[in-house]
1. Restricted to the stretch 117-128, and to residues that are open to solvent by 20 Å² or more (accessible area, probe 1.4 Å), near the ligand (Cβ under 8 Å from one of its atoms) and part of a loop (DSSP other than H, G, I, E, B), which residue is nearest to PRO42 (Cα to Cα)?
2. Consider PRO80 carefully, then state whether it is touching a Pro at 6+ places or on another chain (Cβ under 9 Å) and open to solvent by less than 60 Å² (accessible area, probe 1.4 Å).
3. Given the criteria of a type outside the set (Asp, Glu), in a loop (DSSP other than H, G, I, E, B), modelled with pLDDT of 95 or more and within 20 Å of GLN275 (Cβ to Cβ), does TYR113 qualify?
4. Checking the conditions here, which among ALA274, ALA217 is among the aliphatic types (A, V, I, L, M) and closer than 30 Å to SER107 by Cβ?
5. Here is a list of conditions, (1) within 16 Å of the ligand (Cβ to nearest atom); (2) buried (at least 17 other Cβ atoms within 10 Å of the Cβ); (3) not acidic (Asp, Glu), and ALA338 meets all of them except one; can you say which number that is?
6. Count, please, the residues in the stretch 142-168 that happen to be open to solvent by 10 Å² or more (accessible area, probe 1.4 Å), within 27 Å of GLU234 (Cβ to Cβ), in contact (Cβ under 8 Å) with a residue 24 or more places away in the chain and part of a helix (DSSP H, G or I).
7. For a quick check of your reading of the model, give me the residue pairs whose first member lies in the stretch 298-327 and is under 18 Å from SER107 (Cα atoms) and among the polar types (S, T, N, Q), whose second is within 13 Å of the ligand (Cβ to nearest atom) and at pLDDT 95 or above, with beta-carbon atoms closer than 6 Å and at least 6 apart or on different chains.
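The values are calculated or read from the model by the stated rules, or taken from the named source; none is laboratory data. As the structure is a prediction and not an experimental result, all values here were calculated from the model. We place every Cβ from the backbone using ideal geometry, glycine too, and count neighbours over all the protein chains shown. Just the protein is used for accessible areas: all its heavy atoms, side chains included, with ligands, DNA and RNA removed. Shrake-Rupley method; radii C 1.70, N 1.55, O 1.52, S 1.80 Å.
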Amino acid sequence: MNFQAPKGTFDWLPPRSELVLAVREALSAPARRAGYGYIETPTFEDTALFARGVGESTDIVTKEMYTFTDKGGRSITLRPEGTAPVVRAVLQHGLHNGPLPVKLWYSGNNFRYERAQKGRYRHFSQVGIEALGAEDPALDAEVITLGLDGYASLGLTGVELLLNSLGCKDCRPAYRTALQSFLRGLDLDEQTRARVEINPLRVLDDKRPEVRAQLEAAPLVTDHLCEACKAYHEEVRALLRAAGVTFTDDPRLVRGLDYYTRTTFEYVHGGLGAQSAVGGGGRYDGLSEMIGGPPLPSVGWAIGVDRTVLALEAEGLAGGDERAVRVQVYGVPLGEEARREMFTLLRELRAAGVTADMAFGGRGVKGAMKSADRSGASYAIILGERDLAAGTAQIKDLASGEQTAVPLAEIVTTLKEKLTT
Ligand code: AMP
């Protein structure tokens, strides 16, 4: 039998997988510095949470969910996105009854039955932040800048911010009606005409050139905002400008999830081809009520870890050293007694903060030295029978080839010294 990872999924392997860890760390660090606490929710939830929370008419819910009935007869869905589960957890545990906003960050895998292609997978990883229970333009601006800070700390320079406002429950219905009557006059296929009736804003997101061409004259949401939404959006823009953030107003920016209100944004990268969105988010003031909670105006984003790695590679920031330095010291034990001694030495080295590995499997000195070179180590410890008898080991500088005998009791301090100078 020859198993392969399922279609639309793949494995992250070393050394490239180091980038995944680095991206998760870099994207979450700014949020942690801003008082966001870590939340972890289950990988699966009640199907109804996503049906209601993400929206019955969205592609995610109608086409892309991994849904199954469990052995207890419950309809379960693998998490397609992170926000609805976070809101569910906040409501379930009453976090919204404490100080507001509740600030949370998460990191996890999502599942969507998508048309698999570069940058679009059926299993992908996101880091996300959510700030729940406050309506404040400064909070929107904080959330947006925290994402940009994460990208910047990775050294990425090609991330652009697209910004829009989708209005609120007071002004969006009138816009929706205006958009609908415009869209009804276009030459669209049956499926898209159905979408016009259910979720007209999503039609603006259609990527097909024949549809795009007809959308040129579509009414823009920004021309239909109520005074409160207009003022709110202006304040978010002013705060971003004050923070030195460059952004592009994109009045056609809508997102694939129904719950967004007011501030909506996307982080895009020019080096990724068709799948240019590296992250996105916005305000979702109505989501809590959609899933049975009290009003809880909130804002957040989710950033794709996999696509951020692709962006790093597109900018040549991925290192490129196939060997990737993995350990500083590599042990070469020759014989059984030496192996025992080396095992202990390695534990002492690691406890002292030195990264270390050794040759396993009773290999000869030639094969073991080859592994030492491949490990990227600066020093090898070679321990043979004669060394053992003398109570010493050879420390070999793998760059210069220079080799010196050092008493076993001084190996750790000697190596530590050599590695810090
Ligand atoms: P969304 O949850 O759809 O707003 O997506 C937020 C971010 O997650 C996107 O900007 C992408 O970076 C990433 N993402 C969404 N869907 C996929 C997917 N199928 N494969 C890889 N990354 C994805």
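1. Filtering the stretch 117-128 for residues that are open to solvent by 20 Å² or more (accessible area, probe 1.4 Å), near the ligand (Cβ under 8 Å from one of its atoms) and part of a loop (DSSP other than H, G, I, E, B), the one nearest to PRO42 (Cα to Cα) comes out as ARG122.
2. no
3. Answer is yes for this residue.
4. Exactly one of ALA274, ALA217 is among the aliphatic types (A, V, I, L, M) and closer than 30 Å to SER107 by Cβ, namely ALA274.
5. With respect to (1) within 16 Å of the ligand (Cβ to nearest atom); (2) buried (at least 17 other Cβ atoms within 10 Å of the Cβ); (3) not acidic (Asp, Glu), ALA338 is out only on (1).
6. 5
7. Final answer for the pair search is THR308/VAL23; THR308/VAL278.
Table: residues versus (1) among the aliphatic types (A, V, I, L, M); (2) under 25 Å from ASP205 (Cα atoms).
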position: ASP11; (1), (2): no, no
position: LEU27; (1), (2): yes, no
position: GLY37; (1), (2): no, no
position: THR58; (1), (2): no, yes
position: THR67; (1), (2): no, no
position: ASP70; (1), (2): no, no
position: GLY82; (1), (2): no, yes
position: LEU104; (1), (2): yes, no
position: ALA116; (1), (2): yes, yes
